[in-house]
Amino acid sequence: MLWWLVFGAWVVLMAVYTCQWISLGKQASLQPTCEEAPPVTVVVAMRNEEKHAETLVRNVLGQTYRQLQLIVVDDASDDRTAAILQPYADAGRLLLLRAKGEGKKKALAQGVLAATTEYVLFTDADCQLSERWAETHVACLQQHRAALSVGLVKTLGGSKLERIEAMSLQAVTAGSVRCGHGVMCSGANLAVRRSVYLDCMSELQAQTASGDDMFLLSAVKRRKARVVFVPNRHGIVTTGAAGGLWAFVGQRARWVGKARYYTDFDTVAVACLTLLVQVLLLAALAFATTRPQWLWAWPICLAADFPLLWLTARHLDQTADMRVYPLAFVLYPFYVVFILIRSILPVQWKQRTL
């Protein structure tokens, strides 16, 4: 009985998220309209980003949204990041700050404290932005009177399997936020009312090196403030793959490792359900000879997952990657258990051990 309750809950959850994607409809191509154009600030934390720093700065300064300030916080880089940014700072095109603490989270908080605008936007140094990215976020925040807007992150490069896994995270991000129970988001593509961020600062788990995005989402939800999804494709940012298998494993292990600090009911419930489903799928294989009826769980989950992932792939213009979906589906339970075990061990991130 418990077996079918678990898979029944999974099918219902995937159906709810899929319906949210279907209801997205033409919103993906609608042009955002700002009610007014208040000044906004883009805050970026950089550590050893000499390969990406200048491209990101040009992306931000090339936005159609003209009432925009860029604040970059250099998080103790020991490469040429600061030297690349300094000419832009000298020309008054950005504000360059030296991090007073250690870690991305403290660097971002320092940048927000230095901002003076109503809205603050976040992205990462290795991201590519459309020229209407800032405009799209501000329009969503204004039109919905929202405290936080969540955009998608499209992964380029790497293997098809890596991109499929990244798409699955974006599928859940959009589906959960749109139904009013957001369970994840990415700091590479967020916008927030500065007053809300400042009110939430004490709840962002300063003792952890990362998680600025998830803990912010949780804190905003606790305040019953509105969180919205950015449906327009102009709001998508692109980023490169992690950079090899072990870099990918380390990145995912770092994300899972901070889960022990999660207190948001929606996030914990979906994470536990996901893990339980994957473990039971493995159990179905292990007991295939004695309990062959359990194998029905595999096609049931496949049928529930595929529409959601297909709609996400279409939105991100990555449907070609769906060719490897059957393989990804089979490997996913093994991957989830492996990453969970790996997350227990120390992880290297930005030349720091977490």
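The values are calculated or read from the model by the stated rules, or taken from the named source; none is laboratory data. Computed from a prediction, not measured in an experiment: that's the story for all the values here. With ideal geometry, Cβ positions are generated from the backbone for all residues, glycine too; neighbour counts draw on all protein chains shown.
Taking region 262-276 on its own, how many of its residues are assigned to a helix (DSSP H, G or I), of a type outside the set (Val, Ile, Thr), surrounded by 14 or more Cβ atoms within 10 Å (Cβ to Cβ) and out of contact with any Phe, Trp or Tyr (no Cβ under 7 Å at 6 or more places or on another chain)?
Qualifying residue count, region 262-276: 5.
Quick one: count up the residues across region 42-58 that are surrounded by fewer than 22 Cβ atoms within 10 Å (Cβ to Cβ) and within 16 Å of Leu190 (Cα to Cα).
Matching residues across region 42-58 total 0.
In this structure, is Val120 in the same structural domain as Ala191 (by TED's automatic domain parsing), at pLDDT 95 or above, closer than 23 Å to Trp255 by Cα and not in a helix (DSSP H, G or I)? Give the derivation first.
Working: in the same structural domain as Ala191 (by TED's automatic domain parsing): yes; at pLDDT 95 or above: yes; closer than 23 Å to Trp255 by Cα: no; not in a helix (DSSP H, G or I): yes.
For Val120, the condition - in the same structural domain as Ala191 (by TED's automatic domain parsing), at pLDDT 95 or above, closer than 23 Å to Trp255 by Cα and not in a helix (DSSP H, G or I) - is not met.
In region 33-40, is there at least one residue being modelled with pLDDT of 95 or more and surrounded by 15 or more Cβ atoms within 10 Å (Cβ to Cβ)?
Checked region 33-40: at least one residue is modelled with pLDDT of 95 or more and surrounded by 15 or more Cβ atoms within 10 Å (Cβ to Cβ).
For Leu309, are the conditions met, namely being in contact (Cβ under 8 Å) with a residue 12 or more places away in the chain and either surrounded by fewer than 14 Cβ atoms within 10 Å (Cβ to Cβ) or not in a helix (DSSP H, G or I) (or both)?
Details: in contact (Cβ under 8 Å) with a residue 12 or more places away in the chain: yes; either surrounded by fewer than 14 Cβ atoms within 10 Å (Cβ to Cβ) or not in a helix (DSSP H, G or I) (or both): no.
For Leu309, the condition - in contact (Cβ under 8 Å) with a residue 12 or more places away in the chain and either surrounded by fewer than 14 Cβ atoms within 10 Å (Cβ to Cβ) or not in a helix (DSSP H, G or I) (or both) - is not met.
Kindly indicate whether Gly92 is assigned by TED's automatic domain parsing to the domain that holds Leu121 and at positive phi.
Values: assigned by TED's automatic domain parsing to the domain that holds Leu121: yes; at positive phi: yes.
Yes: the conditions hold for Gly92.
Looking at (1) at pLDDT 95 or above; (2) assigned by TED's automatic domain parsing to the domain that holds Ala225, find the lone condition where Val172 falls short.
With respect to (1) at pLDDT 95 or above; (2) assigned by TED's automatic domain parsing to the domain that holds Ala225, Val172 is out only on (2).
If you go through region 148-187 one residue at a time, how many are more than 22 Å from Lys258 (Cβ to Cβ), among the polar types (S, T, N, Q) and either surrounded by fewer than 21 Cβ atoms within 10 Å (Cβ to Cβ) or in contact with a Pro (Cβ under 9 Å, 6 or more places away or on another chain) (or both)?
1
Any residue in region 49-65 that is over 17 Å from Thr81 (Cβ atoms) sitting within a Cβ distance under 7 Å of a residue that is of a type in the set (Val, Ile, Thr)? List the pairs, counting only those 6 or more apart or interchain.
Tyr65/Val40; Tyr65/Val138
May I ask you to list the residues in region 137-174 that are β-branched (Val, Ile, Thr) and under 17 Å from the mean Cα position of the chain (by Cα)?
To start, the set of residues in region 137-174 that are β-branched (Val, Ile, Thr) comprises 138, 150, 153, 155, 164, 172-173.
Across region 137-174, the qualifying residues are Val150, Val153, Thr155, Ile164, Val172, Thr173.
Just to verify a result, which residue in region 88-105, among those that are of a type in the set (Lys, Arg) and modelled with pLDDT under 90, is surrounded by the fewest Cβ atoms within 10 Å (Cβ to Cβ)?
Residues of region 88-105 of a type in the set (Lys, Arg): 93, 98, 100, 104-105.
Subset that is modelled with pLDDT under 90: 100, 104-105.
On the way: Lys100: 10, Lys104: 21, Lys105: 25.
Going through the qualifying residues, I end up with Lys100.
Among the listed residues Leu113, Leu85, which satisfies the condition of being of a type in the set (A, V, I, L, M, F, W, C), buried (at least 19 other Cβ atoms within 10 Å of the Cβ), in contact with a helix residue (DSSP H, G or I) (Cβ under 9 Å, 6 or more places away or on another chain) and in the same structural domain as Leu216 (by TED's automatic domain parsing)? First the steps, then the outcome.
Details: Leu113 fails: buried (at least 19 other Cβ atoms within 10 Å of the Cβ).
Leu85 is the lone residue from the list that is of a type in the set (A, V, I, L, M, F, W, C), buried (at least 19 other Cβ atoms within 10 Å of the Cβ), in contact with a helix residue (DSSP H, G or I) (Cβ under 9 Å, 6 or more places away or on another chain) and in the same structural domain as Leu216 (by TED's automatic domain parsing).
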